[in-house]
Amino acid sequence: MQWQNLTFNQLNANTLYDILKLRVDVFVVEQACAYPELDDKDRHPQTQHLIGLSPAGELLSYARILPPGLSYPEASIGRVVVSPSARGKGLAMPLMQHAIEAVLTTWPDAGIQIGAQDYLKAFYQTLGFKACSQMYLEDGIPHLDMRYQSA
């Protein structure tokens, strides 16, 4: 797996297309959730786009890393997705580990908050996140807010 962490201006047109197609295919089509996927946070100068590529250059996983103050007072990791063709291969854990490392390197004192889909609560807990809200519906999908607690 090859990892790249890029700003919006560092993304080429084909990579951006692949990212947006994967996000729409999963979050809008697969999850049957009509919502504004393109929210202008992608273009923020401090936003980081973490991509995991196969040796052949195929986009297999993605996460968007937002600076403190853009979605939450803390930094945030969102749009976490593994390509349907790559699911079940253990890519979600290293994707999140790289994303957490990127946040801690870029904004070491900011903290991390995420809006997690409720069914993934246990997964995020294994990474050090703790629930900090009750379950709520976001675009019809159960979510909860979680904060990272370093070990």
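The values are calculated or read from the model by the stated rules, or taken from the named source; none is laboratory data. No experiment lies behind these values; they were computed from the predicted model shown. All Cβ positions, glycine included, derive from the backbone under ideal geometry; neighbour counts span all protein chains shown. These accessible areas exclude ligands, DNA and RNA; they are computed on the full protein's heavy atoms, side chains included. Shrake-Rupley method; radii C 1.70, N 1.55, O 1.52, S 1.80 Å.
Annotation: average projected area of segment 1-47 is 3.9 square nanometres, based on the convex hull of Cα atoms across all directions.
In units of the compact-protein estimate 2.2 N^0.38 Å, segment 15-99 shows a Cα radius of gyration of 1.08. Accessible surface of Asp109, taken over heavy atoms with a 1.4 Å probe and every protein chain present, rounds to 150 Å².
Here the chain is treated with +1 on each Lys and Arg Cβ and -1 on each Asp and Glu Cβ, and its dipole about the Cα centre works out to around 280 debye. Charge dipole of segment 1-53 (Cα centre as origin; +1 on each Lys and Arg Cβ, -1 on each Asp and Glu Cβ, all else neutral): 140 debye, rounded to the nearest 20.
Would you calculate the volume per residue, in Å³, of the smallest convex hull containing every Cα atom of the chain? Walk me through the intermediate numbers first.
Details: hull volume 16.9 nm³, N = 151.
Cα-based convex hull of the chain, divided per residue, equals 112 Å³.
Annotation: extensible slack from Glu37 through Leu137 equals 34.3 nm (criterion: 0.36 nm per residue apart, minus Cα-Cα distance).
Compute the projected area of the convex hull of the Cα atoms of segment 35-83, averaged over all viewing directions, and report it in nm² to one decimal place. Could you put the intermediate results ahead of the total?
Working: hull surface 15.7 nm².
Value for segment 35-83: 3.9 nm².
Between the listed residues Cys132, Val81, Thr106, the Cα displaced farthest toward the positive end of the dipole of segment 69-151, a dipole computed from Cβ unit charges relative to the Cα centre, is found at Val81.
Over segment 17-151, Cα pairs under 8 Å with separation of 6+ residues give a relative contact order of 17 percent.
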